[in-house]
1. Could you count how many residues in segment 576-598 are of a type outside the set (Ser, Thr, Tyr) and either assigned to a strand (DSSP E or B) or surrounded by fewer than 18 Cβ atoms within 10 Å (Cβ to Cβ) (or both)?
2. Taking the stated definitions as given, is residue 398 in a strand (DSSP E or B) and more than 25 Å from the chain's Cα centre (by Cα)?
3. Taking residue 558, is it under 26 Å from residue 237 (Cβ atoms) and buried (at least 24 other Cβ atoms within 10 Å of the Cβ)?
4. Considering each residue of segment 144-160, count those that are out of contact with any helix residue (DSSP H, G or I) (no Cβ under 6 Å at 6 or more places or on another chain), more than 19 Å from residue 423 (Cβ to Cβ) and touching a residue at least 24 places away in the same chain (Cβ under 8 Å), and give that number.
5. Within segment 511-545, how many residues are closer than 15 Å to residue 270 by Cβ, of a type outside the set (A, V, I, L, M) and not in a loop (DSSP other than H, G, I, E, B)?
6. Consider residue 697 carefully, then state whether it is in contact with a strand residue (DSSP E or B) (Cβ under 6 Å, 6 or more places away or on another chain) and either part of a loop (DSSP other than H, G, I, E, B) or of a type in the set (Val, Ile, Thr) (or both).
7. Restricting the search to segment 173-195, which residues are within 19 Å of the chain's Cα centre (by Cα) and surrounded by 21 or more Cβ atoms within 10 Å (Cβ to Cβ)?
8. Kindly evaluate residue 202 against the criterion of being at pLDDT 95 or above and farther than 29 Å from residue 471 by Cβ.
Amino acid sequence: MRNRRTSMLVSAALLSGLIPLSFAPTATAAAPAKVATDATAHPVAEGGTAHVRVAVTGTVDRPVTVAYRTTPDADHTPTDGTLTFPAGTPSGTSRTIAVRTLRDGVAETAETIPVELTVTGAEAPADTPTVVIDAHGLPYLNPGLPVRKRVADLLSRMTPEEKAGQMTQAERGALATPDDITAYGLGSVLSGGGSTPARNTPEAWAEMIDGFQLRALSTRLQIPLIYGVDAVHGHNNLAGATITPHNIGLGATRDPEVAHEMGELTAAETRATGIPWDFAPCLCVTRDDRWGRAYESFGEDPALVKSMETVIQGLQGARDGRDLDRGDKVLATAKHFVGDGGTEYGSSTTGTYTIDQGITEVTRQELEAVHLSPYQEAVDRGVGSVMPSFSSLDILGDGKGAVKMHARADMINGVLKDRMGFDGFVVSDWQAIDQIPGDYASDVRTSVNAGLDMIMVPYAYGDFHRTLVAEVKAGRVSERRVDDAVSRILTQKFKLGLFEKPYADTAGIPGIGSAKHRAAAREAVAKSQVLLKNKGGVLPLRKSQKVYVAGSNADDIGNQSGGWTITWQGSSGDITEGTTVLEGIRKVGGNRVTYSQDASAPTSGHDVGVVVVGETPYAEGFGDVGNGHDLELSAADRAAVDKVCGAMKCAVLIVSGRPQLIGDRLGDMDALVASWLPGSEGDGVADVLYGKRPFTGRLPVTWPRSEAQLPINVGDASYDPQFPYGWGLTTKGAAPERGAHAAVLKARQLVQWKVGQDVRMTEAVAKPFAEADHLLLTGRYTRALAKLGEAYRAA
């Protein structure tokens, strides 16, 4: 039935902490003797022989016997006997029980044979090992049939409880026991941010997930799990993975091919560890820099977000899903539907959050033009799953007021599925249905009836399963709705090839954090750097110059990677492999580079200073302005800027997930660079600083003068920012290309050069300049040129 691993390899999957078994000698000689098996379940094809390995560990100071037996039935040859381990047997010694199954040629579901063990002289295993005879001969197991026929056949065989299981997703760390996967027939398990195996290695991830998968394949229908993670900028939970720039940086590249390549890289590194499903990309259109998730957005312009959705093909491959079963592709998730980037400051009701998970108040026209359009693009690209937003949506004039997105049937069923034609499945966000008003049963039926197909209930998976079954039996959730949900989930599992290849294909592990992947991420970093000011041509640096480097983010891999790196919130320090900005500079400048984080070292004798400042990591509402964060540089960063820029020519690099307020010091800075959150490849920053690559990045969001201006976005009636949307000086020569697009780019350069490298920005320049950048993205070149002409005349 399946290209399944041998029992020995499956047992390796369980040794990730699911079963306390080790065949190696124990470290403590006096440890009491224990008996353990290599796995709780031993899959075997009908007619094959399963081998159950039994081992004794610890100090065997008296004889240990293990009597075994199976109950006679028509599916196997009954077996019984006794295994003996004499006193003095070395720890880790094992014996094997062979269970021979019989072939009857009848198509049937999986069957389970318990192997009963009676142990004397040692502690017995906690679980009874089983032999699982694979399901066989049934239409849904035939890879030669169309997916729709396989889905229909499988669905027809499922009980209400099995269907509810497929709609249930649990967090790995919250499983009371891994056997709950079998007991509830869970359809999915996830790792939340920072939820990793004890050994955070590619091999340990694969072993852990294979162990979970084995539990799923111990059910009668053997429907495989689909395991999911938030790989939002590379396989970011995994130590040593390639950490790519966050979306805000990718948006700054204005290069759809870069987004596609980062999607490919992420998919390859993620699938190699056994994970076929990624909760990415975020298609939010960020409209307020105070939002703690602003860096998860490609930018404030829906046209920019849509242009970067090439990342979906990077993750999934072909639009029709034919590549999903490859070992280097994953199912993508468009999130968070819809309007999460437009929540109003002060509207959040979640803890101390100020804007995240708040209320998006919009007209129908604004909803369609700004927030919905990226989702139609995602649907057209064949995205396999969609995740609704925690936020509430208040469409002015519809009479409904603010309603949680997880409860909006008009948007999920009506707009996403019916009008847009989305045929994948909808998965809830983390415990999000709990925020719907009403009791738990009401939360379940409201969300499922609204169109949610799988519910992320990390801790309450048992409660959800029981409640959904009860709601269906009571008729408050229709069987038709459940069948639709399960069909959507099963369709993607079949497309992913999980029924044929349920276990991890680790052939791609050597590519994780490889030189090839890091080189691709390095190029993305270089293209993401936005040169905002360059008075006197301070940049690019020359190798011969003596460079003084300072600032809190110059030599901190954690800070330059941001949130969602190894842990949910991220952290400062040496948290994963990579190259810091300072290390990248030193590779070029060598011993001509001086580093002093707080700028306390003497400044004399240097030609130029590079001060790398900005934010420390955060994620989601914990990063909201007003929730322990602001948009100001820290006192230490301000002091470093003041000292270095007061002593020499200086370039200031801002490593952050959003613009920082620097207007009061801008006049003292000769050069200013928005570096965003570049990830693990700081060499990419050094590449543009030293001119190996030109600066070509452009602002994906408007850079405000003050917090009082927020929210401020391209197209606003009043628009007077520090730097407009789309701004970005270049150290590249005139583009040789011809055509309308090239003409617009040349006109942009003319405006920026007339404004000056020291940036004398006015509203008369900023507003048409930003609008031209939006028009360029939408292909309206004539209008873009007219706007740039207006900006040029005002400069």
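The values are calculated or read from the model by the stated rules, or taken from the named source; none is laboratory data. The model shown is predicted, which means the values in this text are computed figures rather than measured ones. Every residue, glycine among them, receives a Cβ derived from its backbone with ideal geometry; neighbour counts consider all protein chains shown.
1. Total meeting the criteria: 8.
2. Considered against the rule, which asks whether it is in a strand (DSSP E or B) and more than 25 Å from the chain's Cα centre (by Cα), residue 398 comes out as no.
3. Working: under 26 Å from residue 237 (Cβ atoms): yes; buried (at least 24 other Cβ atoms within 10 Å of the Cβ): no.
Answer is no for this residue.
4. 2
5. Result for segment 511-545: 2.
6. yes
7. Of everything in segment 173-195, those that are within 19 Å of the chain's Cα centre (by Cα) and surrounded by 21 or more Cβ atoms within 10 Å (Cβ to Cβ) turn out to be 188, 189, 190, 191, 193.
8. Working: at pLDDT 95 or above: yes; farther than 29 Å from residue 471 by Cβ: yes.
Spelling it out, residue 202 is indeed at pLDDT 95 or above and farther than 29 Å from residue 471 by Cβ.
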